[in-house]
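Chemist: Encoded as structure tokens, here's the structure I'll be asking about.
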Amino acid sequence: MDDERKSRLHIHLGGIIILIIIVLILFKVDIKSKIQSPQFNKNITFITEKAKSIWQTYILTPIKTKTGELFIDITNKGIKKIQDNFTEKVLKTTDTVEEVIK
């Protein structure tokens, strides 16, 4: 039943790349010279810089901010719990010492 729902034409990314290369070869495009051209390198550099900027701005920075806040909250709760337990133990000890002294 699942096979019936799937489309009959299933193209993978690798297949698309191979088809593009075949079409470029048929139209006699020199792929090597295009890849080595300064304009191609400028385009790749531009795309790389934009991708890094998007990654930094929209993905990495919000994740770091949220995890940092979460870490601070968790550690503050843990420290508060340790302080409360320590205070409770000290008060019990002082109460016990005072009872023994009396």
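The values are calculated or read from the model by the stated rules, or taken from the named source; none is laboratory data. Given the structure is predicted, the values throughout are model-derived calculations rather than measurements. Cβ sites come from the backbone with ideal geometry, for glycine too, and all protein chains shown count toward neighbours.
Chemist: When residues of region 35-46 are filtered for being surrounded by 10 or more Cβ atoms within 10 Å (Cβ to Cβ) and within 21 Å of residue 21 (Cα to Cα), how many remain?
Modeler: 7
Chemist: Okay, next question. Name the pairs whose Cβ atoms lie under 6 Å apart, with the first residue in region 27-48 and of a type in the set (A, V, I, L, M), the second surrounded by 10 or more Cβ atoms within 10 Å (Cβ to Cβ) and in a helix (DSSP H, G or I), and 6 or more positions between them or separate chains?
Modeler: Between residues of region 27-48 that are of a type in the set (A, V, I, L, M) and residues that are surrounded by 10 or more Cβ atoms within 10 Å (Cβ to Cβ) and in a helix (DSSP H, G or I), the close pairs are 31/24.
Chemist: Something else now. Does region 36-52 include one or more residues that are more than 23 Å from the chain's Cα centre (by Cα), at pLDDT 85 or above and outside any helix (DSSP H, G or I)?
Modeler: Yes.
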